[in-house]
Amino acid sequence: MNEILQLIVNGEPREVGEGTTVADLVAALGLKPQQVAVERNKEIVRRPDHAGTFLEHGDELEVVAFFGGG
Amino acid sequence: MTLLDQPLVLGSHSFDSRLFLGTGKYPTMQCMVESLEVSGTQCVTVAVRRLQLGVPEGKTLLDYLPRDKYVLLPNTAGCFDADHAVRTARLGRELGIGDLVKLEVLADPKTLLPEPLGTLEAANTLVKEGFTVLCYTSDDPVLAKRLEDVGVTSVMPAGAPIGSGQGIQNPNNIRIILERAEVPVIVDAGVGTASDVAFAFELGAEGVLLNSGVALAKEPVRMARAMKAAATAGRDAFLAGRIPKRLYASASSPTSGVIAGE
(Lines give C-alpha, C1' and ligand atoms only; values in the text may rest on other atoms or scores of the structure.)
Protein backbone atom coordinates (compact mmCIF):
# COMPACT_ATOMS: atom_id res chain seq x y z
CA MET A 1 0.00 0.00 0.00
CA ASN A 2 1.53 3.26 -1.11
CA GLU A 3 -0.36 6.16 0.32
CA ILE A 4 -0.46 9.48 -1.51
CA LEU A 5 0.77 12.47 0.46
CA GLN A 6 -0.66 15.91 -0.24
CA LEU A 7 1.96 18.62 0.06
CA ILE A 8 2.17 22.32 -0.60
CA VAL A 9 5.35 23.13 -2.51
CA ASN A 10 6.09 26.79 -3.15
CA GLY A 11 2.47 27.58 -2.52
CA GLU A 12 1.07 24.99 -4.90
CA PRO A 13 -0.50 21.61 -4.11
CA ARG A 14 1.55 18.58 -5.07
CA GLU A 15 1.18 14.86 -4.51
CA VAL A 16 3.97 12.42 -3.79
CA GLY A 17 4.06 8.80 -2.72
CA GLU A 18 4.60 7.73 0.85
CA GLY A 19 8.29 7.27 1.59
CA THR A 20 9.37 10.25 -0.51
CA THR A 21 12.28 12.14 0.98
CA VAL A 22 13.24 15.79 0.53
CA ALA A 23 16.09 14.61 -1.73
CA ASP A 24 13.58 12.64 -3.86
CA LEU A 25 11.35 15.71 -4.17
CA VAL A 26 14.24 17.96 -5.20
CA ALA A 27 15.27 15.41 -7.83
CA ALA A 28 11.66 15.00 -9.04
CA LEU A 29 11.48 18.77 -9.52
CA GLY A 30 14.53 18.52 -11.76
CA LEU A 31 16.68 20.62 -9.44
CA LYS A 32 20.28 20.27 -8.40
CA PRO A 33 20.50 19.92 -4.62
CA GLN A 34 23.53 22.20 -4.35
CA GLN A 35 21.60 25.04 -6.02
CA VAL A 36 18.55 25.04 -3.77
CA ALA A 37 17.64 25.50 -0.14
CA VAL A 38 14.61 23.78 1.33
CA GLU A 39 12.40 24.81 4.18
CA ARG A 40 9.84 22.37 5.55
CA ASN A 41 7.09 23.71 7.79
CA LYS A 42 9.16 26.84 8.36
CA GLU A 43 12.28 24.96 9.43
CA ILE A 44 15.37 24.58 7.25
CA VAL A 45 16.16 21.06 6.12
CA ARG A 46 19.94 21.08 5.94
CA ARG A 47 21.37 19.62 2.76
CA PRO A 48 22.99 16.61 4.44
CA ASP A 49 19.56 15.76 5.88
CA HIS A 50 17.66 15.85 2.56
CA ALA A 51 18.06 12.12 1.94
CA GLY A 52 16.99 11.14 5.43
CA THR A 53 13.99 13.45 5.78
CA PHE A 54 10.72 11.76 4.87
CA LEU A 55 7.84 13.96 3.80
CA GLU A 56 4.56 13.79 5.64
CA HIS A 57 0.99 14.53 4.68
CA GLY A 58 0.29 18.27 4.82
CA ASP A 59 3.92 19.35 4.75
CA GLU A 60 4.50 22.85 3.45
CA LEU A 61 7.76 23.25 1.58
CA GLU A 62 9.64 26.21 0.22
CA VAL A 63 12.27 25.48 -2.40
CA VAL A 64 14.37 28.56 -3.09
CA ALA A 65 17.44 29.80 -4.92
CA PHE A 66 19.20 33.10 -5.54
CA PHE A 67 17.76 35.65 -7.95
CA GLY A 68 18.77 39.16 -8.91
CA GLY A 69 18.06 41.70 -6.19
CA GLY A 70 19.28 44.83 -4.49
CA MET B 1 53.69 58.86 -3.63
CA THR B 2 51.02 56.27 -3.11
CA LEU B 3 47.77 57.19 -1.45
CA LEU B 4 46.43 54.08 0.16
CA ASP B 5 43.12 53.46 1.88
CA GLN B 6 42.27 50.87 4.48
CA PRO B 7 40.15 47.96 3.31
CA LEU B 8 36.59 47.88 4.59
CA VAL B 9 36.29 44.98 7.00
CA LEU B 10 32.88 43.38 7.57
CA GLY B 11 33.03 40.29 9.78
CA SER B 12 35.46 37.87 8.16
CA HIS B 13 35.39 39.78 4.85
CA SER B 14 37.70 42.53 3.71
CA PHE B 15 36.95 44.73 0.71
CA ASP B 16 39.16 47.12 -1.21
CA SER B 17 36.16 48.42 -3.15
CA ARG B 18 33.67 50.28 -1.00
CA LEU B 19 30.91 50.05 -3.56
CA PHE B 20 28.26 47.37 -3.19
CA LEU B 21 25.99 46.62 -6.11
CA GLY B 22 22.67 44.85 -6.45
CA THR B 23 21.98 42.28 -9.15
CA GLY B 24 18.35 43.16 -9.92
CA LYS B 25 16.62 45.04 -12.74
CA TYR B 26 19.40 44.98 -15.36
CA PRO B 27 18.11 44.83 -18.93
CA THR B 28 20.16 41.69 -19.61
CA MET B 29 22.44 39.36 -17.70
CA GLN B 30 25.30 40.40 -19.95
CA CYS B 31 24.70 44.02 -19.00
CA MET B 32 24.74 43.06 -15.32
CA VAL B 33 28.00 41.17 -15.72
CA GLU B 34 29.67 44.12 -17.47
CA SER B 35 28.28 46.68 -15.03
CA LEU B 36 29.52 44.76 -12.00
CA GLU B 37 32.90 44.32 -13.63
CA VAL B 38 33.27 47.98 -14.50
CA SER B 39 32.10 49.15 -11.06
CA GLY B 40 34.97 47.31 -9.41
CA THR B 41 32.62 45.99 -6.71
CA GLN B 42 33.67 42.95 -4.73
CA CYS B 43 30.34 42.31 -3.03
CA VAL B 44 26.93 42.00 -4.65
CA THR B 45 23.48 41.53 -3.19
CA VAL B 46 21.17 38.70 -4.23
CA ALA B 47 17.56 37.88 -3.38
CA VAL B 48 16.22 34.58 -2.05
CA ARG B 49 13.15 33.53 -4.00
CA ARG B 50 10.98 30.52 -4.75
CA LEU B 51 12.04 28.51 -7.76
CA GLN B 52 9.44 28.31 -10.45
CA LEU B 53 8.57 24.66 -10.50
CA GLY B 54 8.05 22.86 -13.75
CA VAL B 55 10.14 25.40 -15.63
CA PRO B 56 13.31 23.79 -16.93
CA GLU B 57 16.29 25.34 -15.21
CA GLY B 58 18.57 27.22 -17.54
CA LYS B 59 21.52 29.21 -16.33
CA THR B 60 21.08 30.43 -12.79
CA LEU B 61 22.18 33.77 -11.40
CA LEU B 62 25.16 32.13 -9.74
CA ASP B 63 26.52 31.09 -13.13
CA TYR B 64 27.07 34.80 -13.83
CA LEU B 65 28.67 35.63 -10.49
CA PRO B 66 32.07 33.95 -10.12
CA ARG B 67 32.64 33.29 -6.45
CA ASP B 68 36.32 34.16 -6.67
CA LYS B 69 35.33 37.63 -7.84
CA TYR B 70 32.28 38.53 -5.79
CA VAL B 71 31.21 37.91 -2.24
CA LEU B 72 27.47 37.29 -2.33
CA LEU B 73 25.31 39.18 0.10
CA PRO B 74 21.85 37.58 0.35
CA ASN B 75 19.12 40.06 1.24
CA THR B 76 15.76 39.65 2.92
CA ALA B 77 14.01 42.01 0.53
CA GLY B 78 10.28 41.53 0.31
CA CYS B 79 9.93 40.57 3.97
CA PHE B 80 7.43 42.58 5.97
CA ASP B 81 7.93 41.07 9.40
CA ALA B 82 10.82 39.85 11.51
CA ASP B 83 9.93 36.17 11.34
CA HIS B 84 9.74 36.19 7.55
CA ALA B 85 13.09 37.96 7.31
CA VAL B 86 14.76 35.54 9.71
CA ARG B 87 13.48 32.54 7.72
CA THR B 88 14.69 34.12 4.49
CA ALA B 89 18.13 34.80 6.00
CA ARG B 90 18.39 31.18 7.09
CA LEU B 91 17.51 30.00 3.59
CA GLY B 92 20.17 32.32 2.18
CA ARG B 93 22.75 30.83 4.50
CA GLU B 94 21.62 27.31 3.59
CA LEU B 95 22.32 28.14 -0.05
CA GLY B 96 25.91 27.90 0.98
CA ILE B 97 27.04 31.47 0.71
CA GLY B 98 28.14 32.03 4.29
CA ASP B 99 27.00 34.06 7.24
CA LEU B 100 26.54 37.46 5.58
CA VAL B 101 23.03 38.84 5.32
CA LYS B 102 21.63 42.17 4.28
CA LEU B 103 18.69 42.38 6.63
CA GLU B 104 15.64 44.27 5.45
CA VAL B 105 12.32 44.26 7.24
CA LEU B 106 10.02 46.54 5.33
CA ALA B 107 6.93 48.40 6.44
CA ASP B 108 4.83 48.35 3.29
CA PRO B 109 5.23 47.84 -0.46
CA LYS B 110 4.59 51.43 -1.44
CA THR B 111 7.24 53.17 0.65
CA LEU B 112 9.54 50.17 1.21
CA LEU B 113 10.64 52.03 4.31
CA PRO B 114 12.26 49.93 7.01
CA GLU B 115 9.92 48.71 9.75
CA PRO B 116 11.95 49.71 12.80
CA LEU B 117 10.66 47.32 15.46
CA GLY B 118 10.72 44.28 13.18
CA THR B 119 14.19 45.23 11.97
CA LEU B 120 15.51 45.40 15.53
CA GLU B 121 13.86 42.11 16.48
CA ALA B 122 15.18 40.26 13.42
CA ALA B 123 18.66 41.76 13.83
CA ASN B 124 18.78 40.55 17.40
CA THR B 125 17.75 37.02 16.41
CA LEU B 126 20.15 36.77 13.49
CA VAL B 127 23.13 38.09 15.43
CA LYS B 128 22.45 35.43 18.08
CA GLU B 129 22.36 32.80 15.34
CA GLY B 130 25.83 33.83 14.23
CA PHE B 131 24.99 35.86 11.15
CA THR B 132 27.10 38.80 10.07
CA VAL B 133 24.22 41.25 9.85
CA LEU B 134 24.43 44.28 7.57
CA CYS B 135 21.27 46.04 8.53
CA TYR B 136 19.16 48.23 6.30
CA THR B 137 17.53 50.94 8.36
CA SER B 138 15.99 54.37 8.07
CA ASP B 139 18.23 57.38 8.66
CA ASP B 140 17.18 57.47 12.31
CA PRO B 141 20.29 57.93 14.47
CA VAL B 142 18.58 56.44 17.53
CA LEU B 143 17.57 53.23 15.79
CA ALA B 144 20.99 52.96 14.18
CA LYS B 145 22.52 52.96 17.65
CA ARG B 146 20.02 50.39 18.93
CA LEU B 147 20.91 48.10 16.03
CA GLU B 148 24.55 48.50 16.87
CA ASP B 149 23.75 47.59 20.48
CA VAL B 150 22.27 44.24 19.43
CA GLY B 151 25.44 43.48 17.49
CA VAL B 152 24.95 44.22 13.81
CA THR B 153 28.19 44.40 11.84
CA SER B 154 27.12 47.41 9.80
CA VAL B 155 24.22 49.83 9.86
CA MET B 156 22.96 50.77 6.44
CA PRO B 157 20.82 53.87 6.54
CA ALA B 158 18.74 54.71 3.50
CA GLY B 159 19.68 57.93 1.76
CA ALA B 160 16.15 57.96 0.32
CA PRO B 161 13.49 55.30 -0.35
CA ILE B 162 14.62 52.20 -2.27
CA GLY B 163 14.69 52.78 -6.01
CA SER B 164 13.65 56.42 -5.66
CA GLY B 165 16.92 57.86 -6.97
CA GLN B 166 16.51 60.95 -4.80
CA GLY B 167 19.97 60.91 -3.27
CA ILE B 168 20.65 61.63 0.39
CA GLN B 169 17.62 63.53 1.66
CA ASN B 170 18.71 64.13 5.22
CA PRO B 171 22.46 64.53 5.33
CA ASN B 172 22.30 65.80 8.89
CA ASN B 173 20.84 62.52 10.12
CA ILE B 174 23.46 60.59 8.19
CA ARG B 175 26.12 62.81 9.78
CA ILE B 176 24.78 62.13 13.26
CA ILE B 177 24.71 58.38 12.55
CA LEU B 178 28.29 58.56 11.30
CA GLU B 179 29.49 60.59 14.24
CA ARG B 180 28.09 58.14 16.77
CA ALA B 181 28.60 54.84 14.99
CA GLU B 182 31.24 52.41 16.18
CA VAL B 183 30.53 50.05 13.29
CA PRO B 184 30.94 50.79 9.58
CA VAL B 185 28.07 52.77 8.10
CA ILE B 186 27.07 51.91 4.54
CA VAL B 187 24.59 54.22 2.84
CA ASP B 188 22.05 51.97 1.18
CA ALA B 189 19.23 52.94 -1.13
CA GLY B 190 18.19 56.12 -2.85
CA VAL B 191 21.26 56.63 -5.03
CA GLY B 192 20.25 58.15 -8.35
CA THR B 193 23.51 59.34 -9.82
CA ALA B 194 27.23 59.59 -9.26
CA SER B 195 27.18 62.75 -7.14
CA ASP B 196 24.94 60.96 -4.62
CA VAL B 197 27.69 58.38 -4.15
CA ALA B 198 30.41 61.02 -3.90
CA PHE B 199 28.35 62.94 -1.34
CA ALA B 200 27.80 59.85 0.83
CA PHE B 201 31.51 59.21 0.94
CA GLU B 202 32.31 62.87 1.56
CA LEU B 203 30.05 62.71 4.61
CA GLY B 204 32.17 59.83 5.86
CA ALA B 205 30.22 56.73 4.87
CA GLU B 206 32.37 53.61 4.83
CA GLY B 207 30.50 52.20 1.86
CA VAL B 208 27.60 52.73 -0.52
CA LEU B 209 25.18 50.11 -1.74
CA LEU B 210 23.13 50.75 -4.86
CA ASN B 211 21.21 48.90 -7.53
CA SER B 212 18.60 50.82 -9.52
CA GLY B 213 20.87 53.82 -10.09
CA VAL B 214 23.05 51.65 -12.30
CA ALA B 215 20.67 48.94 -13.49
CA LEU B 216 17.99 51.34 -14.73
CA ALA B 217 20.31 54.00 -16.18
CA LYS B 218 20.11 54.41 -19.94
CA GLU B 219 23.62 53.04 -20.16
CA PRO B 220 24.16 50.91 -17.07
CA VAL B 221 27.77 50.05 -17.80
CA ARG B 222 28.73 53.69 -18.23
CA MET B 223 26.86 54.60 -15.04
CA ALA B 224 28.70 51.80 -13.24
CA ARG B 225 31.95 53.44 -14.28
CA ALA B 226 30.67 56.81 -13.08
CA MET B 227 29.74 55.31 -9.71
CA LYS B 228 33.20 53.83 -9.33
CA ALA B 229 34.83 57.17 -10.09
CA ALA B 230 32.45 58.92 -7.69
CA ALA B 231 33.25 56.47 -4.91
CA THR B 232 36.96 57.07 -5.36
CA ALA B 233 36.47 60.83 -5.55
CA GLY B 234 34.19 61.05 -2.54
CA ARG B 235 36.26 58.75 -0.38
CA ASP B 236 39.47 60.58 -1.24
CA ALA B 237 37.85 63.93 -0.56
CA PHE B 238 36.73 62.68 2.85
CA LEU B 239 40.15 61.31 3.73
CA ALA B 240 41.87 64.43 2.43
CA GLY B 241 39.72 66.61 4.70
CA ARG B 242 37.73 69.38 3.13
CA ILE B 243 38.28 73.05 3.93
CA PRO B 244 35.68 74.72 6.13
CA LYS B 245 32.95 76.67 4.40
CA ARG B 246 33.32 80.45 4.83
CA LEU B 247 30.92 83.25 4.18
CA TYR B 248 33.51 85.56 2.60
CA ALA B 249 36.25 85.16 0.06
CA SER B 250 39.82 84.30 0.92
CA ALA B 251 42.35 85.15 -1.78
CA SER B 252 44.38 82.31 -3.22
CA SER B 253 47.01 84.62 -4.74
CA PRO B 254 49.43 86.75 -2.68
CA THR B 255 47.82 89.99 -1.54
CA SER B 256 51.18 91.84 -1.55
CA GLY B 257 53.31 92.64 -4.57
CA VAL B 258 50.42 93.52 -6.81
CA ILE B 259 51.60 95.98 -9.49
CA ALA B 260 50.57 99.60 -9.32
CA GLY B 261 47.07 100.41 -10.34
CA GLU B 262 45.63 103.73 -11.46
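The values are calculated or read from the model by the stated rules, or taken from the named source; none is laboratory data. Remember, predicted model here, so these are calculated numbers, not experimental data. Because the Cβ atoms are built from the backbone with ideal geometry, glycine has one as well, and the counts that use them run over all protein chains shown. Side chains are part of the model used for accessible areas, which takes the heavy atoms of the whole protein and leaves out ligands, DNA and RNA. Shrake-Rupley method; radii C 1.70, N 1.55, O 1.52, S 1.80 Å.
Please identify the trypsin sites (Lys or Arg not before Pro) of chain A that satisfy two criteria: DSSP loop assignment and at most 16 other Cβ atoms within 10 Å. Which are they? Please report the intermediate quantities before stating the final value.
Numbers: sites: A:14, A:40, A:42, A:46; in loops: A:42, A:46.
Here the sparse-neighbourhood loop sites are A:42, A:46.
Please list B:159-170, A:18-29, B:63-74 highest first by mean number of surrounding beta-carbon atoms within 10 Å per residue.
Answer by packing, highest mean first, reads B:159-170, A:18-29, B:63-74.
Name the residues of segment B:175-208 whose amide N is less than 20 Å from a point 7 angstrom out from the Cα of residue B:142 along the C-beta direction? What the label zone holds, given the 20 Å backbone N cut-off, is B:175-182. Taking every DSSP beta bridge that has both ends in the protein assembly as shown, the antiparallel portion is near 45%. Counting only Cα atoms, segment B:1-86 measures 59, 34, 20 Å along its principal axes, largest extent leading. Annotation: amide H-H contacts under 5 Å for residue B:140 (H modelled 1.01 Å from N, sequence separation of 5 or more, or interchain): none.
Computed on the Cα trace of the protein assembly as shown, the radius of gyration divided by the Kirkwood hydrodynamic radius gives Rg/Rh = 1.09. Compute the Rg/Rh shape ratio of segment B:159-207: radius of gyration over Kirkwood radius, all on alpha-carbon atoms. Radius of gyration over Kirkwood radius for segment B:159-207 works out to 0.94. Surface composition of segment B:107-262: carbon and sulfur make up 54 percent of the accessible area, probe 1.4 Å. Amide H contacts of residue A:70: B:23, B:24, each under 5 Å away and 5 or more positions distant or on a separate chain (H built 1.01 Å from N in the peptide plane; Pro and chain starts excluded). Dipole check for segment A:4-65: with +1 at the C-beta of Lys and Arg, -1 at the C-beta of Asp and Glu, and the Cα centre as origin, the magnitude is about 280 Debye. Projecting label points 7 angstrom from Cα along Cα→Cβ for residue B:249 and residue B:25 puts them 4.4 nm apart. Share of carbon and sulfur in the accessible area of segment A:25-64 stands at 48%, probe radius 1.4 Å.
Annotation: amide H-H contacts under 5 Å for residue B:51 (H modelled 1.01 Å from N, sequence separation of 5 or more, or interchain): A:63, A:64, A:65. Summarised in one figure, the compactness ratio Rg/Rh of chain B, Cα atoms and Kirkwood Rh, is 1.05. For chain B, relative contact order (Cα pairs under 8 Å, six or more residues apart, normalised by length) works out to 17 percent. The residues of chain B have, on average, 50 Å² of accessible surface per residue, using a 1.4 Å probe with all protein chains present. In segment B:118-262, one over the average inverse separation of all distinct C-alpha pairs is 16.9 Å, which is the Kirkwood hydrodynamic radius. Straight-distance candidates among the lysines for linking to residue B:69, with alpha-carbon spacing under 30 Å and chain neighbours fewer than 8 residues away dropped: A:32, B:25, B:59, B:102, B:128, B:218, B:228.
Remark: segment A:17-34, residue by residue, has Karplus-estimated 3J(HN,Hα) of x, 4, x, 6, 9, 4, 4, 4, 5, 4, 5, 5, 7, x, 10, 8, x, 6 Hz, where x stands for each Gly or Pro and the curve is 6.51 cos²θ - 1.76 cosθ + 1.60 at θ = phi - 60°. Shown here is the pair-distance distribution of segment A:4-65: with all Cα-Cα distances grouped in 5 Å bins from zero up to the longest one, the shares run 4, 20, 36, 30, 10, 1 percent. In plain terms, the C-alpha convex hull of segment B:94-133 casts an average shadow of 3.2 nm² when viewed from every direction.
For segment B:42-100, what D do you get in µm² per second when you plug the Kirkwood radius from alpha-carbon pairs into Stokes-Einstein at 10 °C and 1.306 mPa s?
126 µm²/s
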